[in-house]
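These notes concern the structure reproduced below.
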Amino acid sequence: MTKRVSLYPLMGLPLIVSGDNIAELIIRTCLSEDIILEDGDIIVIAQKIISKSENAIIDLKTITPSQEAEDLAKKTGRDARLVQVYLDESLELLYTKGRMIITRHKLGFIMSSSGVDRSNVASHADEIVVLLPKNPDQSAKNIREGIYKETNKDVAVIINDSGGRPDREGSVGIAIGLAGIAALEVRSQNDLFGNPAKSQIALIDELAAAASVLMGQADEKVPVVIIRGVNYTRSNNAKISDILGG
């Protein structure tokens, strides 16, 4: 029998504002789009709507750049206030590449611009930027529990974001928070020739990237994608740090 994985984009979510209940909005939108949640569904949610609902937003007009930020701004051609936010959100500055500023975020992720973003937040003239959620795992857990409370469906939740990679050009969807699904899929199988094969699969990143294809990066208005048909290990205590390297 052919294995099939299905992806369902939620098209009707409103623009998110601080205080919005994401779980309730997902349930309401599913109902309006005739999508019935099932046990085992994986709900991938764009980081930005989590951050906006949690008010993880900074007004650049309130930022006074340090000398380090001023120097980095001159080197990269970026706004010094924006660079200061990158530094504030990071554990360490790793390197620069052209306009790119690569840091280790306070959550442990190695990424450009410390995950700080200006797109799909407000007009650039408003000088508003959005940060990563303070605790993406907890955010995912809260949404998962909210959905279970209202629907009695045991789903997994992944919060994804677009991240660059040091050895390749371009960004790709990655998981930054999760609930109900193991961070690593560990499988012991036999290969096509009967040889034992044990693998560790970053399934949450594969799912995050798959959802990103539908989410897009501009005005697609698809911040939530439901994935159905994936075999995964359920976990009530998984955390994103389980997948992070040194």
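Each reported figure results from applying straightforward, stated rules to the coordinates on display, with no laboratory input. These numbers were taken from a predicted model, which means no experiment stands behind them. Glycine gets a Cβ as well: all are built from the backbone with ideal geometry, and neighbour counts include every protein chain shown.
Using the structure shown, list the pairs from 106/141; 149/239; 106/239 with a Cα-Cα distance above 18 Å, or answer none. Write down the numbers at each step before the final one.
On the way: 106/141 20 Å; 149/239 21 Å; 106/239 15 Å.
Where the Cα-Cα span goes over 18 Å, the pairs concerned are 106/141; 149/239.
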Considering the values [x] 17.3, 50; [y] 17.5, 55; [z] 19.0, 63, which represents Rg and Dmax of the Cα atoms in Å as calculated for the structure under consideration?
[z]
Listing 199, 139 by rising number of other beta-carbon atoms within 10 angstrom, fewest first, gives 199, 139
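Neighbouring Cβ atoms within 10 Å as the yardstick, rank 111, 215, 11 fewest first.
On the way: 111 26, 215 22, 11 13.
Result, fewest neighbours first: 11, 215, 111.
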Compute a Gaussian network model of the chain, connecting alpha carbons closer than 10 Å, and tell me which residue from 67, 189, 84 fluctuates the most.
189
To the nearest Å, what is the center-to-center distance of segment 34-61 and segment 114-140, using C-alpha atoms only?
11 Å
Return the lysines within reach of residue 3: Cα separation strictly under 25 angstrom, same-chain partners fewer than 8 residues apart disregarded; answer none if there are no such residues.
153, 198
So if the hydrodynamic radius of segment 57-130 is defined as the Kirkwood radius over C-alpha pairs, what does Stokes-Einstein give as its diffusion coefficient at 20 °C and 1.002 mPa s, in µm² per second?
175 µm²/s
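Which order do 157, 5 fall in if you start with the one that has the fewest other Cβ atoms within 10 Å?
Numbers: 157 28, 5 12.
By the 10 Å Cβ count, ascending: 5, 157.
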Take the chain, connect every pair of alpha-carbon atoms lying under 10 Å apart with a spring to form a Gaussian network, then pick out the residue of 62, 29, 103 with the largest mean-square fluctuation.
62
Rank 195, 21, 135 by mean-square fluctuation in a GNM of the chain with C-alpha springs under 10 angstrom and give only the top-ranked residue.
195
Residue 177 long-range amide H proximity, modeled H, under 5 Å
159
Taking a straight Cα-to-Cα line shorter than 16 Å from residue 48, and setting aside same-chain lysines fewer than 8 residues away, one finds 134, 221
Rounded to 10°, Cα long-axis angle of helix 22-32 versus longest principal axis of the chain
50 degrees
The simple spin-label model distance between residue 5 and residue 96, using points 7 Å out along Cα→Cβ, in nm, is 3.9 nm
Can you give the longest run of the chain that contains no trypsin sites (Lys or Arg not before Pro) sitting in a DSSP loop with at most 11 other Cβ atoms inside 10 Å?
100-246
